[in-house]
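Colleague: Quick one: the structure is below, and I'll ask about it shortly.
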Amino acid sequence: MNFVESFRIAFRALAANKARSLLTMLGVIIGVAAVILLVGIGTGVSDEVTGSLEGLGSNLLFVVPGQFEGGIGGGGAPPGRRFTLDDVDLIARRVEGASAVVPVFQAGATIKAGNRSMRVVVAAGNEQGTEVFTSDLADGRHYRRGEVQAASRVVALGSRVARELFPNQDPLGKQVTLSGQRFTVVGYYESLGGGLGGDQDSQVYIPITTAQRLFNVNYVSTIVVKAADPDEIETVRRDVRRALLPTFGDEFTVFSQEQTLGILSDLLGTLTYMLAGIAGISLLVGGIGIMNIMLVSVSERTREIGIRKAVGARTYDILSQFVIEAVALSVLGGIIGIAIGWGGALLLAQTTPVPANVTLWAVAMSFFFAFGVGVFFGVYPAWKASQLDPIDALRYE
């Protein structure tokens, strides 16, 4: 019996039990779809975060309190003394190569306008923040230097905040209440999407001095330094360290975007592989289901195997038939799973804020893994079927 005939017999056997074949494929379908979807989410998050960081330019330094082995995400001592606005002024005065020095502080709060309210992230900085971070205003303006110095209660709204608090209205000049304090809206932004600080469309932006009064703090979380010349980034780094060493000793870290990008890429890559591994467990469960059904099929078709051997079928013919059946179940399930996972990722990306980017390597990995599952879990039942004695098989009831 040739290979084509083995395919024909195998598919005829699967078609004879359509419901059982579909249920057997279900584990593979779910597993492959989960791999495609979760890897797509992991890749999408990674692309969005690294893209937003790369979009800031290549001339930024991030200064954080505490010692970190590799910047963001690295292990190290927790911060002791925190940075203050005096430290920001010190860097601005001492570091000649810095074109902008921006203190950063974030906190959660509730914002209200009339009978509407929502939870937002308050992002605070100074008037140079627009030189460092993306800031596409739909209308209005950013807060000014004088407003930072006076701790004025002015606010710029993210696009989602403006939309929800002032539907079908122009929020410019309107009053809002932020953590019980009244603020004047001086601007609102185009949709900025996700970023390093989360969903920028759900943030509001106020002067750093105003934020310190509002939340009763005297520190800043991070200091962002922009080098005037990207080629002088290492010189600026040394100058920043020289300015802060007398006060902080070694209890602070200065790292560049390249370091941050490398660390984030490693972390997000690890997360993506973890998600793929978790989803891959479903494929293993599906493979076990295929083995179980194939063993049942061998038992049900013992007399058929005996007849085929009696009329001249070789061990190889029986073996190939059952392997083909197992592989057909897993491959067909894999194809359906790829379609579901890919479609689900596209739907998720279009209808929710969750980014999802399906890559060809994830599709190829899922397909070949499904194929491998069929081969691996189909070999034993196929071998068992091929070893049946034709006389015993014919006597089987």
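The values are calculated or read from the model by the stated rules, or taken from the named source; none is laboratory data. What you see is a predicted model; the values in this text were computed from it and never measured. Don't worry about glycine lacking a Cβ; one is built from the backbone with ideal geometry, like all the others, and counts go over all protein chains shown. We work out accessible area using only protein heavy atoms, side chains counted, and drop any ligands, DNA or RNA first. Shrake-Rupley method; radii C 1.70, N 1.55, O 1.52, S 1.80 Å.
Colleague: Mind grabbing the base-10 log of I(q)/I(0) for the range 121-262 at q = 0.12, 0.15, 0.19 Å⁻¹? Debye formula, identical points on the C-alpha positions, no solvent, two decimal places.
Modeller: So the normalised log intensities work out to -0.57, -0.84, -1.17.
Colleague: Could you tell me what a quarter of the Cα convex hull surface of the range 102-168 works out to, in nm² with one decimal place? Spell out each step's value before the answer.
Modeller: On the way: hull surface 20.1 nm².
Averaging across all directions leaves 5.0 nm² for the Cα convex hull.
Colleague: Turning to a different aspect of this structure: For Arg237, Arg182, what's the largest-to-smallest order of accessible area, 1.4 Å probe?
Modeller: The residues order as Arg182, Arg237, largest area first.
Colleague: Here is a further query. Which order do peptides 31-40, 266-275, 110-119, 219-228 fall in by mean Cβ count within 10 Å, highest first?
Modeller: Details: 31-40: 26.8, 266-275: 15.0, 110-119: 13.4, 219-228: 20.1.
My ranking of the peptides, most packed first, is 31-40, 219-228, 266-275, 110-119.
Colleague: Which whole-Hz ³J(HN,Hα) couplings does the range 337-343 yield from phi under the Karplus relation 6.51 cos²θ - 1.76 cosθ + 1.60, θ = phi - 60°, glycine and proline marked x?
Modeller: Using θ = phi - 60°, the values come out as x, 4, 4, 5, x, 5, x Hz.
Colleague: May I pose another question? Suppose each label sits 7 Å from its Cα in the direction of the beta carbon; what would the Thr235-Ile288 distance come out to in nanometres?
Modeller: It works out to 6.4 nm between the two label points.
Colleague: Continuing with this model, one more query. Run a plain Debye calculation on the range 133-196 (Cα atoms as equal point scatterers, no solvent) and give log10 I(q)/I(0) at q = 0.28, 0.29 Å⁻¹, rounded to two decimals, same order as the q list.
Modeller: The computed values of log10 I(q)/I(0) come out as -1.28, -1.31.
Colleague: Ok, one more. Could you list which residues have their amide H under 5 Å from that of Ser152, counting only those 5 or more apart in sequence or on another chain, with H placed in the peptide plane?
Modeller: Answer set, sorted by chain and number: none.
Colleague: Further, regarding this structure: Along Cα→Cβ, 7 Å out, is where each label goes; now give me the distance between the ones at Gln106 and Asp266 in nm to one decimal.
Modeller: 2.2 nm
Colleague: Would you kindly find the accessible area of Thr210, with a 1.4 Å probe and non-protein molecules such as ligands, DNA and RNA excluded, rounding to the nearest 10 Å²?
Modeller: 10 Å²
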